[in-house]
Structures are given as structure tokens and as C-alpha cells.
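**Student:** Encoded as C-alpha cells, here's the structure I'll be asking about.
The values are calculated or read from the model by the stated rules, or taken from the named source; none is laboratory data. Keep in mind that this is a model prediction, so the values were computed, not measured. Don't worry about glycine lacking a Cβ; one is built from the backbone with ideal geometry, like all the others, and counts go over all protein chains shown.
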Amino acid sequence: MNYRVNENGYYGDFGGAYIPEMLYPNIEQLKNEYLNIIAQPDFKAEYEDLLKNYVGRPSPLYLAKRLSEKYGAKIYLKREDLNHTGAHKINNTVGQIILAEKLGKKRIIAETGAGQHGVATATVCALKGLECVIYMGEVDIERQAPNVARMKMMGATVIPATSGSKTLKDATNEAMRDWINNPVDTHYIIGSVVGPHPYPEMVSLFQSIISEETKKQLIEQTGNDQPDYVLACVGGGSNAMGMFYHFLDDENVRLIAAEAAGLGVNSGHSAATSVLGKEGVLHGSRTLLMQTDDGQVVEPYSISAGLDYPGIGPQHAHLHKVKRVEYVNITDNEAMQASLLLSKLEGIIPAIESAHALAQLEKMTFKPDEVVVICLSGRGDKDLDTFMKYFKL
Amino acid sequence: MNRLQQLFEKKKNNILSIYFTAGYPEIGATLKIAEALEKAGADFLEIGFPYSDPLADGPIIQNSSQVAIENGMTLKLLFQQLKDLRAKVSIPVLLMGYANPMLQYGVANFCKAAADVGIDGVIVPDLPLYEYEEIYKNDFIDNGLSNVFLVTPQTSNERIKKIDGLSNGFIYLLSSSATTGKSLDVSDEIGAYYDRVKSLNLENPLIIGFGISDKNSFMRASKYANGAIVGSAFVKTIGDTKDYLSHIPEFIRKIRD
């Protein structure tokens, strides 16, 4: 089975570039040049140097002993939460900022939901001295004030998206509109494995460092790079794609993606796209998305702003359809309890997003020597306000 | 030959097209506005079917789309409303909107329903050339619909020629790379772009859109092309007043005179 993108930008039935003509030259330039640029020795050297000395990679693969004891398996956490800026998002922004420079772009735009990708973008723009404009839903700006402040401290302009539902999908629309209106000097750093081809593939490549390191670390620690299970959470799906990337062809490794069920899959307040979504076009690619019978995009819900997206990346839609990855649903409460459990057992406060993957452990049974790898995609500092309210701390 | 192709046979200059969003400012407005625009002297019409995430549009058309959806507009309802279209309106009419609602309706069903009510063409800015050619072309052709593609100042000559070869109505020439509702770019660079497109001697007529709001911009665009399209400025006018139908004749007269 082929899980990779084909020459027309499709993963099976999903992907492509459903974009207005105004974006065509930019997308075409990116498509024609990015593979060549990222294969150059000077790109690789700079990318590797920044990942090591600026981001702090490799991120540890940590055998969580007390968690393992509780669930009766060997559970390893891939510690993306220890990256600079606190999540996996920076792997992608470091790659794209070097790429943008090589493409001769002077101005960077990005969308952000919870603010993690916005912060990771503002960070690399400060590093490179490039102008940075972040689009963020008006509602999210209110919910995520500390991240807005971080972006501003690093010199970014944060523009509220006031259209539609004023959240992540609208911030993405606004960023695309900005790109339409600034077609020559601007590069758009998309934060997830979504958008028109080649974005889903490019972002997965930059995130694939997660599984590349994991395999090496598994060999060092267990002598075998084939775990029994690999788990990650999915909103748009970038940490999951990075975590799954080098395991896709290892058919004996079971890959599990945890989506946000919100208040319950059928509650009307959910972001469980693999169950609730239908095939369609969102933000430039054919994928699964939550929509009405008339094709209007439905606003999703999750307690975790990073999973609060009405679609999934086209490669995820494909991996779901061909059943290479199992997509499961985790409610707000299950994720919150898993956050508390990891904090108490391991002294690690996870992002609520990542806790969706941890919560799946409750629903699985293991043999004692089975090896499980979970992508701990981000740290929970940004979620303290939510934790305080939820647990009345 | 559909009505659109007939129009371009007869008329070569100063062709005026008006865009408006179906179901805006009120759900029952669609046909009334179309009738009023024909009476006032528009040459052809583009009726927008609304989408929740219209990323090529500026604030005015975004807002009209959102209001139309809140008013209850759907493709299904729009085709019902358009059943009497040809009893009331004789000028060419196109549908314009985004790919996702059309895909949900089913492209073949959509094309057939459009042809059944007397629609002449379709403009779907985010339906790519590749997918149109490989998957959907026959649905449009079998139903006698002209599919219209956009061209921008950044579009290469080679691609414009390819677009010309796939078009059977007109080419929608964007006045700049921008979302809808901005003011017209009148720089020398843009003049050179129009001249570049003209020099390709294309098969299809050229109609300029985006940034056309009044007589000045319409006349300027008409110098370079066969005509022009007014969208946001019209949508704004009908959205500003309760008595929107009464403002239509004056809106058109001000552009024409």
C-alpha cells in the first residue's frame, strides 16, 4: 500500500490544490522548488544546527515507569514538550523560515488557533529578523492572552480574524486572503499538515524528525525500532504525521490517532472529524471535514484549542480510509483526567491536546512486554487557566 | 450556443455584468434582483451561491454570504427559486461560488440542475484546472454550461493559453491579485498586463473583475477588455437599505451614463 503523496499532490482520493488562481503562482513556486531547496547541503546544515542548538533536539524518548506500571506495558513518551516554545510546532517553523529565506521572501504570515504555532512562527521570525504577521481568531485572542503577549514581545503583529466564527478556520481564511493580496514578497507558514499541496507533505517532512529520532532512540533503549503501538493526537494532524511518518511502512506497528470528541461524538459539540466528517474541500485540499448537507463548514468544539479544527490533513483522511491508522475519540473529560494522571505519576504536565493521546491508554489492554510510544506534543503551561477552572485548583 | 455565447457574438464592448449573492439581503430577493438588473440594463448576471469560508472574497461579499446562509440559503433552495428564472429574465445568468457546496451537491447533479433552470455558465474560483479537465469537464459540457476561469497579473502566458483552450464563455481577468472589494489598480504595470493578455489573441472574450465599482473604473476596464463585472459595490448598495430594489436602476445608470 502506498501512503505517500503522488505526483499530482494526492494521497489516494485526498489532497490536491483547490485554490483560486491568485494563489497558483505561489503554490507552484513552492511545489517546484521546496524539495530541491531542502535537499541542498546548506539548507540541511542550517536546519540541523538550529534544531540542535536552538530548539534543543533531539527531544528525549522517556520510559515513563510509573505510567508503565499502571497500564502494564512499556510506555515511552516522545518529549516534544521540551522543545523551545513548548511544542512540536517549532520543528516546522524552523524548516519553513529557512525555506522562505531561500525563496527570497521578506514577510511571513501564519494562522494560529491556541497560539502555539503563532508563537513558534514569531520566534523564528525574530531569529531571522523577518516581518511577521499572525492571524488569530478574535475569540481565541481572548482565550489565549499569554500567547498573544509572547508573539507581541517577539515583534509580531497579531491581527484578529473577525469573520465567520472568529476561530482557527477563520484565521486560516484571513491568512490565505493576506497571501492573495501580497503574492510576491510573502511566505505563508501553515502550521499543520493541511492546505493545498505541497503543504501537507512539506509540513510532514519537517515534523518527521519526531519519528526519525524515535526509531534511533528505540534501538538504543530497547534494541528494536518496531514498537507495538504508536499514539498521537490529531487536530489538523501535524504531530501525528511527524510521529507516524517513519512507521507508515512498518505494517506490524499499530498506529493510533486520538481525535477530540469534545462533549461526546454525537453531542453536537465535538471535533471528531473521522466520524463526523464527509469528503469535501477545506483550505485548499480535498479531505474529510465537518459540514452541513449543503456543504457549509461546521464549527467544531474541543476543550483543547489545538484540536478545535473542522477537518484533518488529507494524508490522515487517506490513512483513515485505507485503515492504516486507527482513529479514536477522546472526550474533554477523559483528556483532562489523563492530564492530571500524568502530572501526578510522572511530574509532567501535558498540553490538553497531547493528553488526548494519553487518555487512549485507559481503553487498551497490553501484554507486559509490549512497547508503546506516545507523542507528548506539547507542555501544559498554556493550559493552566483551563486546568485551574476545571479542577478548581 | 448558450445565451452567454450569443451575447458575445452580438456585443463586443462595454459589456456590464453584475454579481450578487443569492438570498441576500433577504431570502426571497434572488429573482427580484435579477429581474430588476435586466430592466436596468445589465448585460449578464452572476448569482453567488454562498459558502461559509469564501477565501477569495473581501469583507462585503463575506458578509453577504454569511447573512444568506443565516437566511437559510442552500443550493437546493436556490435551484427551487430559479425554476421561474427563464419566465422572468432573458439575459445570460451564471452561478458563482466555491467548490465545496458544489461537490456536496454532486458536480453532475449540480450541472444538470443548473441547465434545467436555464443557467448558462459557472464560475468556481477554487476548482483547479487539473481537476476540471481530468474529472468534471464533461459534466459541464454535456449540460451546455460555460465554465469560466480566472486569470491574474501573475498568470503566465502559457497558462493563460491553456485556460483559453479550456474555456467556452469568457476569461475572467482579475484587475489585480487581490480579494474582492478593493479599489482598482490603475498603475502602468497593470496596463502592461492587460496589453500582454490582449496580445495573446485569445479565442475567448475578456471580462475584467475585482475592483470595478463605478463609472470610472468600468470605463477604464472596458478600454482593455470586452467589459467588466461589478460585485462588492453592488452588494454593498443593496445591503445598505431596506428598499433595495428601488436603488438598482440608479446604480446601473450611474455606471452606464
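**Student:** Which count do you get for residues in segment A:162-171 that are within 11 Å of chain B (Cβ to nearest Cβ), more than 14 Å from B:Gly58 (Cα to Cα) and either without any contact (Cβ under 8 Å) to a residue 40 or more places away in the chain or not basic (Lys, Arg) (or both)? Before you say what the answer is, go through the steps one by one.
**Tutor:** Taking segment A:162-171 and keeping what is within 11 Å of chain B (Cβ to nearest Cβ), we get A:162-165, A:169-170.
When the remaining residues are screened for being more than 14 Å from B:Gly58 (Cα to Cα), the result is A:165, A:169.
Of the ones still in play, those that are also either without any contact (Cβ under 8 Å) to a residue 40 or more places away in the chain or not basic (Lys, Arg) (or both) are A:165.
Number of matching residues: 1.
**Student:** Within segment A:56-97, can you find the residues that are more than 20 Å from the chain's Cα centre (by Cα), part of a strand (DSSP E or B) and touching a residue at least 24 places away in the same chain (Cβ under 8 Å)? Outline the logic, then answer.
**Tutor:** First, pick out the residues of segment A:56-97 that are more than 20 Å from the chain's Cα centre (by Cα): A:62-75.
Filter once more, so that each one left must be part of a strand (DSSP E or B): A:62-63, A:74-75.
The answer is A:Leu63, A:Lys74, A:Ile75.
**Student:** Out of B:Gly231, B:Gly144, B:Gly211, I need the residue that is at pLDDT 95 or above and on the phi > 0 side of the Ramachandran plot. Which one? If you could, list the steps in order and put the result at the bottom.
**Tutor:** On the way: B:Gly231 fails: on the phi > 0 side of the Ramachandran plot; B:Gly211 fails: at pLDDT 95 or above.
B:Gly144 is the lone residue from the list that is at pLDDT 95 or above and on the phi > 0 side of the Ramachandran plot.
**Student:** What's the number of the condition A:Leu23 fails, among (1) touching a residue at least 24 places away in the same chain (Cβ under 8 Å); (2) touching a Leu at 6+ places or on another chain (Cβ under 6 Å)?
**Tutor:** (2)
**Student:** If A:Leu319 satisfies all but one of (1) on the phi < 0 side of the Ramachandran plot; (2) surrounded by 21 or more Cβ atoms within 10 Å (Cβ to Cβ); (3) modelled with pLDDT of 95 or more; (4) within 14 Å of another protein chain (Cβ to nearest Cβ), what's the number of the condition it fails?
**Tutor:** Condition (4) is where A:Leu319 drops out.
**Student:** Could you please find all residues in segment B:141-153 being surrounded by fewer than 22 Cβ atoms within 10 Å (Cβ to Cβ) and away from chain A (no Cβ under 14 Å)?
**Tutor:** Residues satisfying the conditions are B:Ile141, B:Asp142, B:Asn143, B:Gly144.
**Student:** Of the conditions (1) within 11 Å of chain A (Cβ to nearest Cβ); (2) touching a Pro at 6+ places or on another chain (Cβ under 9 Å); (3) surrounded by fewer than 18 Cβ atoms within 10 Å (Cβ to Cβ), B:Lys76 satisfies every one except a single condition; which number is it?
**Tutor:** (2)
**Student:** If you take the residues of segment B:157-175 that are crowded, with 23+ Cβ neighbours inside 10 Å and within 10 Å of another protein chain (Cβ to nearest Cβ), which of them is modelled with the lowest pLDDT?
**Tutor:** B:Leu174
**Student:** OK, next. Looking at the structure I just gave you, is A:Gly235 small (Gly, Ala, Ser) and either without any contact (Cβ under 8 Å) to a residue 24 or more places away in the chain or at negative phi (or both)? I'd like the intermediate steps shown before the answer.
**Tutor:** Numbers: small (Gly, Ala, Ser): yes; either without any contact (Cβ under 8 Å) to a residue 24 or more places away in the chain or at negative phi (or both): yes.
Yes: the conditions hold for A:Gly235.
A quick yes/no check of all residues on (1) under 18 Å from the mean Cα position of the chain (by Cα); (2) touching a residue at least 40 places away in the same chain (Cβ under 8 Å):
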position: A:Asp293; (1), (2): no, no
position: A:Asn329; (1), (2): yes, yes
position: A:Asp332; (1), (2): no, yes
position: A:Ser343; (1), (2): no, no
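**Student:** Spot the failing condition for A:Gly280; the list is (1) within 11 Å of another protein chain (Cβ to nearest Cβ); (2) buried (at least 24 other Cβ atoms within 10 Å of the Cβ); (3) closer than 20 Å to B:Gln66 by Cα, and only one is missed.
**Tutor:** For A:Gly280, the failing item is (2).
**Student:** Applying the selection to segment B:157-193, what residues are assigned to a helix (DSSP H, G or I), touching a Ser or Thr at 6+ places or on another chain (Cβ under 9 Å) and closer than 22 Å to B:Lys215 by Cα?
**Tutor:** Of everything in segment B:157-193, those that are assigned to a helix (DSSP H, G or I), touching a Ser or Thr at 6+ places or on another chain (Cβ under 9 Å) and closer than 22 Å to B:Lys215 by Cα turn out to be B:Ile190, B:Tyr193.
**Student:** A further question on this structure: Of the residues that sit in segment B:23-60 and are within 11 Å of chain A (Cβ to nearest Cβ) and hydrophobic (A, V, I, L, M, F, W, C), which one is farthest from A:Gly284 (Cα to Cα)? Outline the logic, then answer.
**Tutor:** Of all residues in segment B:23-60, those within 11 Å of chain A (Cβ to nearest Cβ) come to B:49-59.
Narrowing further to those that are hydrophobic (A, V, I, L, M, F, W, C): B:49, B:55-56.
Numbers: B:Phe49: 19, B:Leu55: 10, B:Ala56: 12 Å.
So the residue we want is B:Phe49.
**Student:** Collect the residues in segment B:201-233 that are over 20 Å from B:Glu9 (Cα atoms) and part of a strand (DSSP E or B), keeping them in residue-number order.
**Tutor:** Of everything in segment B:201-233, those that are over 20 Å from B:Glu9 (Cα atoms) and part of a strand (DSSP E or B) turn out to be B:Gly209, B:Val230.
**Student:** Show the residue pairs meeting these rules: Cβ distance below 6 Å; 6+ apart or different chains; first residue within segment B:180-198 and of a type in the set (Val, Ile, Thr); second residue modelled with pLDDT of 85 or more.
**Tutor:** What qualifies is B:Thr180/B:Asp57; B:Thr180/B:Gly58; B:Thr180/B:Ile61; B:Thr180/B:Phe210; B:Thr180/B:Gly231; B:Thr180/B:Ser232.
**Student:** Could you tell me whether segment A:333-340 includes any residue that is over 20 Å from A:Ser238 (Cα atoms), in the same structural domain as A:Gly277 (by TED's automatic domain parsing), surrounded by 24 or more Cβ atoms within 10 Å (Cβ to Cβ) and in contact with a Gly (Cβ under 7 Å, 6 or more places away or on another chain)?
**Tutor:** Yes - at least one qualifying residue is present in segment A:333-340.
**Student:** Within 20 Å of the chain's Cα centre (by Cα), of a type in the set (A, V, I, L, M), within 18 Å of A:Leu263 (Cβ to Cβ) and outside the structural domain of A:Thr112 (by TED's automatic domain parsing): which single residue out of A:Ile312, A:Ile303 fits that description? Can you show your working first?
**Tutor:** Working: A:Ile312 fails: within 18 Å of A:Leu263 (Cβ to Cβ).
Step by step, each of A:Ile312, A:Ile303 is checked, and only A:Ile303 is within 20 Å of the chain's Cα centre (by Cα), of a type in the set (A, V, I, L, M), within 18 Å of A:Leu263 (Cβ to Cβ) and outside the structural domain of A:Thr112 (by TED's automatic domain parsing).
**Student:** Sticking with this one: Residues A:Ile37, A:Ile19, A:Ile27: which one is within 14 Å of chain B (Cβ to nearest Cβ) and either assigned to a helix (DSSP H, G or I) or of a type in the set (D, E, K, R) (or both)?
**Tutor:** Details: A:Ile37 fails: within 14 Å of chain B (Cβ to nearest Cβ); A:Ile19 fails: either assigned to a helix (DSSP H, G or I) or of a type in the set (D, E, K, R) (or both).
None of the others qualify; the one that does is A:Ile27.
**Student:** Taking the residues in segment A:248-277 that are among the β-branched types (Val, Ile, Thr) and within 16 Å of the chain's Cα centre (by Cα) as candidates, determine which candidate is nearest to the other protein chains (Cβ to nearest Cβ).
**Tutor:** Step one: of segment A:248-277, the residues among the β-branched types (Val, Ile, Thr) are A:253, A:256, A:265, A:273, A:275.
Subsequent filtering for residues that are within 16 Å of the chain's Cα centre (by Cα) retains A:256, A:273.
Working: A:Ile256: 29, A:Thr273: 15 Å.
By that ranking, first place goes to A:Thr273.
Quick grid of which residues meet (1) within 12 Å of chain A (Cβ to nearest Cβ); (2) hydroxyl-bearing (Ser, Thr, Tyr); (3) part of a helix (DSSP H, G or I):
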residue: B:Asp84; (1), (2), (3): no, no, yes
residue: B:Leu94; (1), (2), (3): no, no, no
residue: B:Phe110; (1), (2), (3): yes, no, yes
residue: B:Ala115; (1), (2), (3): no, no, yes
residue: B:Tyr132; (1), (2), (3): yes, yes, yes
residue: B:Asp139; (1), (2), (3): no, no, yes
residue: B:Thr155; (1), (2), (3): yes, yes, no
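**Student:** Among the residues of segment B:12-23, write down those that are without any contact (Cβ under 8 Å) to a residue 60 or more places away in the chain and more than 24 Å from B:Pro50 (Cβ to Cβ). Write out each step before concluding.
**Tutor:** Looking only at segment B:12-23, we keep the residues that are without any contact (Cβ under 8 Å) to a residue 60 or more places away in the chain, and these are B:22-23.
Listed by number, the list is empty, since nothing qualifies.
**Student:** Assess whether B:Leu85 counts as being modelled with pLDDT under 95 and under 28 Å from B:Leu174 (Cβ atoms).
**Tutor:** Values: modelled with pLDDT under 95: no; under 28 Å from B:Leu174 (Cβ atoms): yes.
Answer is no for this residue.
**Student:** Go through segment B:25-47 and give me each residue that's over 21 Å from B:Lys254 (Cβ atoms) and not aliphatic (A, V, I, L, M).
**Tutor:** B:Glu26, B:Gly28, B:Thr30
**Student:** Just one of the numbered conditions (1) basic (Lys, Arg); (2) out of contact with any strand residue (DSSP E or B) (no Cβ under 9 Å at 6 or more places or on another chain); (3) touching a residue at least 60 places away in the same chain (Cβ under 8 Å) is not true of A:Lys52; which one?
**Tutor:** Unmet condition: (3).
**Student:** Let me ask something additional. From the set of residues in segment B:1-23 that are among the basic types (Lys, Arg) and in a helix (DSSP H, G or I), which is farthest from the chain's Cα centre (by Cα)?
**Tutor:** Initial filter on segment B:1-23 (among the basic types (Lys, Arg)): B:3, B:10-12.
This time we only want the ones that are in a helix (DSSP H, G or I), so: B:3, B:10.
On the way: B:Arg3: 15, B:Lys10: 19 Å.
In this case the residue turns out to be B:Lys10.
**Student:** Go through (1) assigned by TED's automatic domain parsing to the domain that holds A:Gly284; (2) buried (at least 24 other Cβ atoms within 10 Å of the Cβ) and name the single condition A:Lys74 misses.
**Tutor:** For A:Lys74, the failing item is (2).
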